[in-house]
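Read-outs: derived from the displayed coordinates by stated rules, not from any lab. Because the structure is a prediction, the values reported are computed rather than measured.
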Amino acid sequence: MSLAGNASSYTSFDKARQSGKKVHIAGEWVQRDRAVEEENVFQFFVRDSLNHTEWVTYYEPKPNNFEQADKVVLIGSYRDEGFVADKIITKCPSKYNETEIKLEE
C-alpha cells in the first residue's frame, strides 16, 4: 500500500493551482478589513511566500485565535470557487516569544 498519492507539500498559490492537488500554503492574513464572516463560511485574503495574494474560502467558522495569528498555514486545494482551505493552522507570535525569568534572592 502506498501513501504517496495522499502526500501534501508546502507550495505557493501559483504552483497549487497548476498541480490540482491538496497542498500546504504558508502565508500571512492581509487586507483584514475585506474578510467576510458568515455562518460556517469564512473568506479572506492570504499572501504567500512569493507575495502572491489570493482569496481563500474556508467552509467553517473563523478559527478562535485567527485575529492574533502572525502567520497561517492553509491545507487545501483549488476548486471551482478558487482556493478552498480544508484546515487552517495559526501561528501566533506569542507562542514563540521567550519570557525573561528573574530570580529573586
Gain upon complete extension [Glu67, Gln18; 0.36 nm per residue less C-alpha separation]: 14.6 nm
Three-way shape call for the stretch 1-90 based on the alpha-carbon gyration tensor, with the a/c threshold at 1.5: prolate
Report the extension gain between Arg79 and Tyr10 in nm, rounded to one decimal, defined as 0.36 nm multiplied by the number of residues separating them, less their alpha carbon distance. 23.1 nm
Of Lys21/Lys91; Lys22/Lys71; Lys62/Lys87, which ones are farther than 21 Å apart at the Cα? Lys21/Lys91
